[in-house]
């Protein structure tokens, strides 16, 4: 069974638990500055750009994780083209950029808490995913890992 069938619901559950735990602070603003939305827009555009590049090459089935969730219906091939030629985990990069945009723009304490939670859980998920990819693709993945960065493009 694919670890993604466990990781994805666990990740969503962690977000819900973090959201509930931080609810008392949902209106506490650390700052309120119009310029922060300009910075946020740049992060948001970066995230959207990464999502679009993943969707067009190698395809929406990769963006949606269908190859992992339904391996019998999708070719099991290590994707190393397009956005994946620059970074091994572009989906996490896109998620992080859009969450960072909301956080920087709003100045809300709760968003900073959610961002911290996303960084911690995302780091753990990337580590688990890398182990799974190494097991699935072996030396091919090890060579690919040597020439690409994890989440921040070169």
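Return one number: the angle in degrees, 0 to 90 and rounded to the nearest 10, between the long axis of the Cα atoms of helix 90-106 and the longest principal axis of the Cα atoms of the chain.
Relative to the chain, helix 90-106 is tipped by roughly 0 degrees.
Under a plain spin-label model, where a point goes 7 Å from the Cα along Cα-to-Cβ, how far apart in nm are residue 81 and residue 13?
Between residue 81 and residue 13, the label points sit 3.8 nm apart.
Compute the long axis of helix 4-21 from its Cα atoms, compare it with the longest principal axis of the Cα atoms of the chain, and write down the angle in degrees, 0 to 90, nearest 10.
Approximately 10 degrees, to the nearest 10.
Describe numerically, in nm with one decimal, the distance between label points set 7 Å from Cα along Cα→Cβ at residue 140 and at residue 5.
That separation, rounded to one decimal, is 2.3 nm.
Rank these for me by crowding, 83, 28, going from fewest to most other beta carbons within 10 Å.
Going from sparsest to densest Cβ surroundings: 28, 83.
Add -39500 (n - 2.57) for each DSSP H run of 4 or more in the chain, then divide by its residues: what number comes out at 222 nm, to the nearest 500 deg cm²/dmol?
-22000 deg cm²/dmol
What list do you get for 148, 98, 123 if you sort them by fewest beta carbons within 10 Å?
Listed from fewest to most nearby Cβ atoms, that is 123, 148, 98.
No value in this document is a laboratory result; all are computed from the given coordinates. Every value quoted in this text rests on a predicted model; they were computed, and no experiment measured them. All Cβ positions, glycine included, derive from the backbone under ideal geometry; neighbour counts span all protein chains shown.
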